[in-house]
Structure formats: C-alpha cells, structure tokens
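Since the structure comes first, as structure tokens, the remarks are kept for the end.
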Amino acid sequence: MTTTGSGNGFTRRSLLKTSAAAALITAIRASFPSGAFAAGAAPEVTGLKLGFIALTDAAPLIIAKEKGIFAKYGLPDVEVLKQASWGATRDNIVLGGAANGIDGAHILTPMPYLMHTGKVTQNNVPVPMAILARLNLDSQGLSVAKEYAGSGVGLDAGPLREIFAAKKAAGGEVKVAMTFPGGTHDLWLRYWLAAGGIDPDKDVSTIVVPPPQMVANMKVGTMDAFCVGEPWNEQLVNQGIGFTACTTGELWKGHPEKALGVRADWVEANPNAAKALLMAVMEAQIWADSMDNKEEMAAILGKRQWFNVPAKDVLGRLKGTINYGNGKVVENSGLEMKFWQGAASYPFKSHDTWFLTENIRWGKFEPDTDLKALVNAVNREDIWRAAAAELGISDIPASVSRGKEVFFDGKIFDPEDPSAYLASLAISRLA
C-alpha cells in the first residue's frame, strides 16, 4: 500500500527506533517519577473499567496494566476486564462502569460509530462514544479450512468462487465467519471475497463467532473460512486445522485496526483522566513495539487471565514471521502488528471515514450519511494531540488525514470523495 498527502506517519527522528522509544520512556518516567500528574491536571478519578477481547491488539491495555503504567499516570484503579464477545463488549459499554458494565474498551474501530448512531444497540438507542486512539495497525488473518489447501486460494479469493458455487449446487452451505457485523473483520472478509468475485451476501452464509472460538469451530467443521485477529490464525496453523490465505496487511499494508473507544459521557466528565489514560496507553504502545520486548509480551499475553494460550501461538506473527500453514513461511515480513511505528496510535479521521464508507457499501449506514460530521463527533484526535504534547512527543502527524490509500486490487480510497471509491468496486450495493 502506498499513501499520499501530508501527515502519513511520524518522522524518522525519534519513535521508529527502539533506542529512541526507550529514551522517550525514560524521559517520561523522569518527568513523573511517582506517578504524579502535572500540577493542576490531576485525573478526576483514579480508574475506569476497560474491556478487552483475547486478541493480540489488546496488548497496549494489558501491558499498561501489567507494567503499572496506568498507576504511574494517576490511574491505579483501572480494571482491564475480559469480554466474551464483541456483542458483550457493546452491551457492557451500554451499561457503563457505574452500572457494573464497562466505561470503554479495546474495540473494533467501526463499533463506536455503530453504537453512537444506535445501529447495533437495543431499541436503536444511541450511546454517544469517543475514539481516543488507534491501538494497532495490521496483523489480522483470512484463514481457510485445510480441505481447500489445493485450491490455490491466497491473496486472490477467486479460486474459491467455483468451489463454493459447486458446494452450494450440491445442497451444501458455505459458511464464512467474522466477529461482529460491520466490524473490521467483517469488512476485511467482505472486501477479500468481493474482490475475488464472491458476493458475501449471496454466495456464502456469513456467521458471527467470537475470536477465541474460531479455531474450535473450524476444527469441528462449522465454517469454511474466517477472518479474525491474532493469535487465532497462528493457533489454527499450529494445530494443523487450516491455513492462512493472506493477512490483512497484504490487502492494505499499514491498515488501521482496533481503537480505544470510551463512552463520551465519561470523557466529558473526566477530561484530565481521559488524557492520563491516553498517556499511559501511548507509553505501553511504545514498549509493545520494541522487538526487544516481543518474547516477554507473548509470555504475558499467553497467561491464563489474558489469552490462556501457549506463548508460541502469539510470538511468531508478533515478530513478523508468518507460517501460512500451506508450506509458505515468510520471515521478516514487515506485516507484524504495529503499535506505535508509522503513527499507529494516531486516530486518523480518514481511516474512520474508510470504515464508514465500507459500512455504507454493505448497508450498515445510509448512502446519504454525513460522514464528516459523524467522524468529527466521535473521533477525538484533539485529546490524542494534547496527550502527545504533554508527553513531549514532537512527531505528531500534521494532518488528520493520511490522504489517498491504495489497496491490493488497485482501488483508491480518497476520503474527500468516498463516492468515487464506492463506484470503483466490483461488488457493491451501490453499483
């Protein structure tokens, strides 16, 4: 993928190198040696409840908890609570932390928008939300059952088109799984299938499966393909149940993924705590991005209270080594999950606009949705900038847009003209 336009990444000066990241963390600790916050800017509360799903991209929240980083920024009582599914995450955010739910979460980037507009809430009641940061880029997978190993399917889903059609003609059902309707995995799966000439609404049955249950479901033959984050694609390969056709970074290298989403009423009531939360998450992201810390991070994430998986299921792709499970192994792929490099943490508004445009494509939002107004209501990049400035981060993106984005099939997304992008797609509800 290539990008054009301003603000498409941090400069080389500091945060892309391990040594510079370590220096920044040292400087931060020197500035706040006992966890005290800047004078007059103390957090209004000492904690909040944050949800997470057992996915590698929840690492910034888990590391901030395990390493005491939340406490350092005046939030010693932050709870990081495992959620059973994205549906449960939604329901608990609707409840809110004060009502035994949660205040925010590691979340699929489109979900705060779907909740903010009442598209996925009970009785369609809107729950105002705020996106405070992106948690990561890249490293989701499109995996296929081993029975299709000889099909030649890979980045091009096309080889599955006739196979799936024949299965349906014989009276079978083709099931493909994602994690939440309108969420990132749903959109990556749909984009990949549609680019290969497979209509995700007509040619297959799309089912919802929580991330930690993907491997078990494919093992018993419940599905033909799925899209999910790590470590579940790697675990699938390690158990010999299926293979990875491609990673999502091959569809769009450097693509946005999860977000830090928080109830808007909590953010408005606790502006200093919101900034402190971001500062802690940023420091954790910098730590998580260092290759020197990958083995320790894999061991932490594998713990029972977090993912409850062998560390090896986390480590390989975390370091950029991809065993696709079909005889193809790529080391130093550059497709490892990014937590900080490449401006991974910054919540670009243009990225949110792409997710909303894809959800217009597949009928989750109306074609006349005012995308700019909706993104401006939910995306709080202003708080991210304030937190970064307080940390002394100089390489703050100059623009809230990454400019035009180019996908694997040559399609170009221009956030200033989403309709042209939609018109260029082979399979689209608007075509």
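Would you work out the relative contact order for region 116-163, in percent, from Cα pairs under 8 angstrom that are 6 or more residues apart?
18
For region 206-271, count all C-alpha to C-alpha pairs, find those more than 18 Å apart, and express that count as a whole percent of the total.
Taking all Cα-Cα pairs of region 206-271, the fraction more than 18 Å apart is 51 percent.
Relative to the longest principal axis of the C-alpha atoms of the chain, give the angle of the C-alpha long axis of helix 159-169, reported between 0 and 90° and rounded to the nearest 10°.
60
R0 = 25 Å: FRET efficiency of K219 with K328, Cβ-based, nearest 0.05?
The formula returns an efficiency of 0.70 here.
Amide H neighbours of H255 under 5 Å, at least 5 residues apart or on other chains, H built in the peptide plane: list them.
Answer set, sorted by chain and number: D138.
Could you work out the relative contact order of the chain? I mean the mean sequence separation of Cα pairs under 8 Å and 6+ apart, divided by the number of residues, in percent.
Contact order relative to length: 25 percent.
Show that you can apply the helix-only estimate: for the chain, add -39,500 (n - 2.57) for every DSSP H stretch of four or more residues, divide by all residues, and state [θ] at 222 nm to the nearest 500.
-10500 deg cm²/dmol
Classify region 313-431 from the C-alpha gyration tensor, please: rounded if a/c falls under 1.5, else prolate or oblate depending on whether a/b exceeds b/c.
Oblate, because a/c is 1.5 or more while a/b does not exceed b/c.
Quick check on my link table: of K119/K338; K119/K275; K67/K404; K253/K312; K253/K319; K82/K253, which ones sit more than 26 Å apart, alpha carbon to alpha carbon?
From K119/K338; K119/K275; K67/K404; K253/K312; K253/K319; K82/K253, over 26 Å: K119/K338; K119/K275; K67/K404; K82/K253.
Using a 10 Å cut-off on Cβ atoms, rank the peptides 216-225, 326-335 from the highest mean neighbour count down.
Put in order of decreasing packing, that is 216-225, 326-335.
Please find the FRET efficiency linking D91 to S419, where r is the Cβ-Cβ separation and R0 is fixed at 25 Å, and quote it to the nearest 0.05.
0.15
Show which aspartates and glutamates lie in cross-link reach of K303 when reach means a straight Cα distance below 19 angstrom and same-chain residues fewer than eight apart are skipped.
Within the straight-line cut-off, K303 pairs with D57, E66, E79, E230, E234, E295, D313.
Over the C-alpha atoms of the chain, what are the Rg and the largest Cα-to-Cα span, Dmax, in Å?
Expressed in Å, the Cα Rg and Dmax of the chain come to 20.6, 71.
None of the figures in this text is laboratory data; all of them are computed from the coordinates on show. Quick caveat, the model's predicted, so the values are computed rather than measured. So basically every Cβ, Gly included, is an ideal-geometry build from the backbone, and we count neighbours across all protein chains shown.
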